[in-house]
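The values are calculated or read from the model by the stated rules, or taken from the named source; none is laboratory data. As the structure is a computational prediction, the values presented were derived from the model and not from experiment. Methodologically, a virtual Cβ is constructed for each residue, glycine included, from the backbone with ideal geometry; neighbour enumeration extends over all protein chains shown.
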Amino acid sequence: MSKQFDLVVIGAGPGGYIAAIRAAQLGMSVACIDAWETSEGKPAPGGTCTNVGCIPSKALLQSSEHFEQANHHFAEHGIEVKDVSLNLDTLLGRKNNVVKQNNEGILYLFKKNKVTFFQGKGEFVGQGDGGWNIKVTGKDAADLTGKHIVVATGSAARALPSLPFDEKNVLSNDGALKIGAVPKTLGVIGAGVIGLEMGSVWRRLGADVTILEAMPEFLAACDKQVAKEALKAFKKQGLKIETGVKIGDIVAGDTSTTVPYKDASGADKSLVVDKLIVSIGRVPYTDGLSADKVGLKLDERGFVVVDADCKTNLTNVWAVGDVVRGPMLAHKAEEEGVAVAERIAGQHGHVNFGTIPWVIYTSPEIAWVGKSEEQLKADGQEYKAGSFPFLANGRARALGDTTGFVKVLADAKTDEVLGVHIVGPMASELISEAVTIMEFRGAAEDIARICHAHPTLSEAMKEAALAVDKRALNF
Ligand SMILES: Cc1cc2nc3c(=O)[nH]c(=O)nc-3n(C[C@H](O)[C@H](O)[C@H](O)COP(=O)(O)OP(=O)(O)OC[C@H]3O[C@@H](n4cnc5c(N)ncnc54)[C@H](O)[C@@H]3O)c2cc1C
């Protein structure tokens, strides 16, 4: 007999598990189904983000940054360490442990909030009196019925045509997070967020890393000045980055992979590497969902089609996160998950796409919210800009990390903040202040008049806001 729920969520990534918990908090009976499991067959909720995305990549970035600091920067602080060596097994084991703690945390939250978890694959069967019928296959096989369904099945790494991932030599983000020995040479195709983060990790650990990017411009989605500053820093660290390349037919051998390509000038070149990471974007994942059986509409690229409220073409079927339009970011998925749960409960869930922050966790970090100068110019929007370098910030000097700057863009007439762009230390944390100000439609003067603790990196934000009206105090 089918088990009846108010809501059945398919997928327990950040979109799905957050939707499930919020719905349970609002009084609904909720089931959440997820297929991800550990190598021992245990449930591993948390999706791409927890298992092979945000969390493990940040664990590796942290460990590799410690290694880099010990090797190259401790001496500046008068700390002399000799014979620094790497225990990669321990480093990867720590990362696995961080992932496990997050998996367990989600299972704990399900229990605490009375969300019934099903380990297995969820599939649409049809529609009955009580709602949509969903079949779970796998460890917790069951038949479920949900008055409402949330599809939160996420995304998968995009492979190059005719070069499938073998996760041995040709790696997706999954394989890139568990290379068993530091490769001498590493190629990365795609200088996006994942390519830069993974390239940085393995360079810090000792690999000779070359990143090939098809777009003529480096970090085309970023503010131009930020991208320029970041490129300079990455090159100084030893990352080799080539843009505007055209990749030829890659030959993956047993011990090395050859990447023929034309460089930006059209010259033929070839890159031979021990390992190759392909990070050319992600594709929506709906395999095994039987979307066609119930007529759930997908677009030509495979995304579940939704309206602004995340409603699909089927009554009471919603979709959130990477499987629908919009930025493929964990916090965007979470916001949509909360909003959908609240809408089902009759409330007015809301997601502001104009204030979703973007972060690249390299060193220096890159973070931004709102529009870039290039976008404002293209929109014909009159604006004022103020920026402040970390070189002139006391805390950055004390940290020994003075690369980069903060840039604030504000409406020329009203002073409303339209965009904030940061490249530098802890940009990922600093950007939240800008998001808050923009969420309240605040002005550059609001940032400038807020008391910021001294000495902090956040004072660079205040100074950049002051510079919008040419009255920076410390520069
Ligand atoms: C290397 C890497 C680093 C990243 N770093 C960041 C970062 O720092 N910050 C950030 O914001 N974003 C980051 N992302 C992106 C982020 O991981 C995704 O945007 C986010 O995970 C999307 O959440 P989601 O819930 O939509 O889908 P997912 O996290 O992909 O979860 C979908 C879940 O659904 C399950 N599933 C699929 N089909 C079924 C089915 N039929 N039945 C049952 N279960 C099913 C899957 O097993 C999976 O667990 C990163 C991604 C990668 C790859």
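When residues of segment 315-337 are filtered for being within 18 Å of Gly131 (Cβ to Cβ) and surrounded by fewer than 19 Cβ atoms within 10 Å (Cβ to Cβ), how many remain?
Total meeting the criteria: 2.
Name the single residue, out of those in segment 279-290 being in contact with a Lys or Arg (Cβ under 8 Å, 6 or more places away or on another chain) and of a type in the set (A, V, I, L, M), that is farthest from Ile149 (Cα to Cα). Give the derivation first.
Of all residues in segment 279-290, those in contact with a Lys or Arg (Cβ under 8 Å, 6 or more places away or on another chain) come to 280-284, 288.
The next check asks that each one be of a type in the set (A, V, I, L, M); those that pass are 280, 283.
On the way: Ile280: 31, Val283: 22 Å.
Among residues in segment 279-290 that are in contact with a Lys or Arg (Cβ under 8 Å, 6 or more places away or on another chain) and of a type in the set (A, V, I, L, M), the one farthest from Ile149 (Cα to Cα) is Ile280.
Identify all residues within segment 316-350 that are touching a residue at least 40 places away in the same chain (Cβ under 8 Å), within 12 Å of the ligand (Cβ to nearest atom) and in a loop (DSSP other than H, G, I, E, B); write none if there are none.
Val320, Val324, Met328
Would you say Ala156 is modelled with pLDDT of 95 or more, exposed (fewer than 14 other Cβ atoms within 10 Å of the Cβ), within 16 Å of Gly288 (Cβ to Cβ) and out of contact with any Asp or Glu (no Cβ under 6 Å at 6 or more places or on another chain)?
no
Take segment 101-153 and flag every residue that is within 20 Å of Pro14 (Cβ to Cβ) and free of Cβ contacts under 8 Å to residues at least 24 places away in the same chain.
Gln101, Glu104, Gly105, Tyr108, Lys111, Lys112, listed by residue number.
How many of the residues in segment 276-301 are of a type in the set (Asp, Glu) and buried (at least 16 other Cβ atoms within 10 Å of the Cβ)?
If we filter segment 276-301 for residues that are of a type in the set (Asp, Glu), which is where we start, we get 287, 292, 299-300.
Going one step further and asking which of them are buried (at least 16 other Cβ atoms within 10 Å of the Cβ), we end up with none.
Within segment 276-301, residues that are of a type in the set (Asp, Glu) and buried (at least 16 other Cβ atoms within 10 Å of the Cβ) number 0.
Residues in segment 44-62: is at least one within 10 Å of the ligand (Cβ to nearest atom) and out of contact with any helix residue (DSSP H, G or I) (no Cβ under 7 Å at 6 or more places or on another chain)?
Yes; the residues of segment 44-62 include at least one that is within 10 Å of the ligand (Cβ to nearest atom) and out of contact with any helix residue (DSSP H, G or I) (no Cβ under 7 Å at 6 or more places or on another chain).
Condition first: within 30 Å of Ile247 (Cβ to Cβ) and charged (D, E, K, R). Now tell me which residues in segment 133-179 satisfy that.
Arg158, Asp166, Glu167, Lys168, Asp174, Lys178, listed by residue number.
Looking only at strands (runs of 3 or more DSSP E) that lie completely in segment 139-223, which have at least 1 residues being closer than 30 Å to Gly27 by Cα?
Per the criteria, 142-151, 155-157.
Would segment 302-315 turn up any residue that is near the ligand (Cβ under 8 Å from one of its atoms), part of a strand (DSSP E or B), touching a residue at least 12 places away in the same chain (Cβ under 8 Å) and in contact with a strand residue (DSSP E or B) (Cβ under 9 Å, 6 or more places away or on another chain)? Walk me through how you get there before you give the answer.
Residues of segment 302-315 that are near the ligand (Cβ under 8 Å from one of its atoms), as a first pass: none.
No: segment 302-315 contains no residue that is near the ligand (Cβ under 8 Å from one of its atoms), part of a strand (DSSP E or B), touching a residue at least 12 places away in the same chain (Cβ under 8 Å) and in contact with a strand residue (DSSP E or B) (Cβ under 9 Å, 6 or more places away or on another chain).
Check Arg441 against each of (1) surrounded by fewer than 19 Cβ atoms within 10 Å (Cβ to Cβ); (2) outside any strand (DSSP E or B); (3) touching a helix residue (DSSP H, G or I) at 6+ places or on another chain (Cβ under 7 Å) and name the one condition it does not meet.
Only one criterion is unmet by Arg441, namely (3).
Does Phe234 satisfy the criteria of being aromatic (Phe, Trp, Tyr) and either in contact with a His (Cβ under 7 Å, 6 or more places away or on another chain) or not in a loop (DSSP other than H, G, I, E, B) (or both)?
yes
Would you point out the residue of segment 164-214, among those that are under 22 Å from Lys236 (Cβ atoms) and polar (S, T, N, Q), that is farthest from the ligand (Cβ to nearest atom)?
Thr185
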